[in-house]
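Colleague: Take a look at this one; I'll ask things after.
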Amino acid sequence: PTDITLSNASVDENAAGAIIGDLTVTDPDDGDSHTFSVDDARFEVVAGQLKLKAGEALDHETEDTVNVEVTAEDTGSLTYSETFVITVNDLNEAPTDITLSNASVDENAAGAIIGDLTVTDP
């Protein structure tokens, strides 16, 4: 093999098991078949598609890009490797927590301020 191309190089965050794109191998030996391996255990190649394994998802806030090396091996045990930079798309996520700085108030205190609200939003 002399080249590997990937049809897409981005994935939405939190998309467990998502397909990234189709892999195509250039090989001067017409009709040669290829097997694939990857250097990141979160990914796999199934039916010529680079994808996240079942239950695996990426988080933009943790890493906005991921480098994945894909290796194609032909029937003659010859290999070619290429590193792809996968962009992790940032999506709007729901808030995860609300806190109140104080949880008590004096009785008969009309219009009293109880405390400050703080929201946690990734």
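The values are calculated or read from the model by the stated rules, or taken from the named source; none is laboratory data. Note that the structure is a prediction, hence the values are computed from the model and not measured. Here the Cβ is made from the backbone with ideal geometry for all residues, glycine too, and neighbour counts use every protein chain on show. The accessibility values were calculated without ligands, DNA or RNA, using every heavy atom of the protein model including side chains. Shrake-Rupley method; radii C 1.70, N 1.55, O 1.52, S 1.80 Å.
Colleague: Evaluate the relative contact order of the chain (contact order divided by residue number), counting alpha-carbon pairs under 8 angstrom at least 6 apart; express in whole percent.
Modeller: 26 percent
Colleague: Measuring with a 1.4 Å probe in the full set of protein chains, what accessible area per residue, in whole Å², belongs to region 1-41?
Modeller: 53 Å²
Colleague: Placing +1 on the Cβ of each Lys and Arg and -1 on the Cβ of each Asp and Glu in the chain, which of Ile20, Ala54, Thr75 has its Cα farthest towards the positive end of the resulting dipole?
Modeller: Ala54
Colleague: Measure of size requested: the Rg and Dmax of the chain, with Cα atoms as the atom set and Å as the unit; please supply both.
Modeller: 23.9, 87
Colleague: Please arrange Phe84, Phe36 by accessible surface area, largest first, computed with a 1.4 Å probe and ligands excluded.
Modeller: Phe36, Phe84
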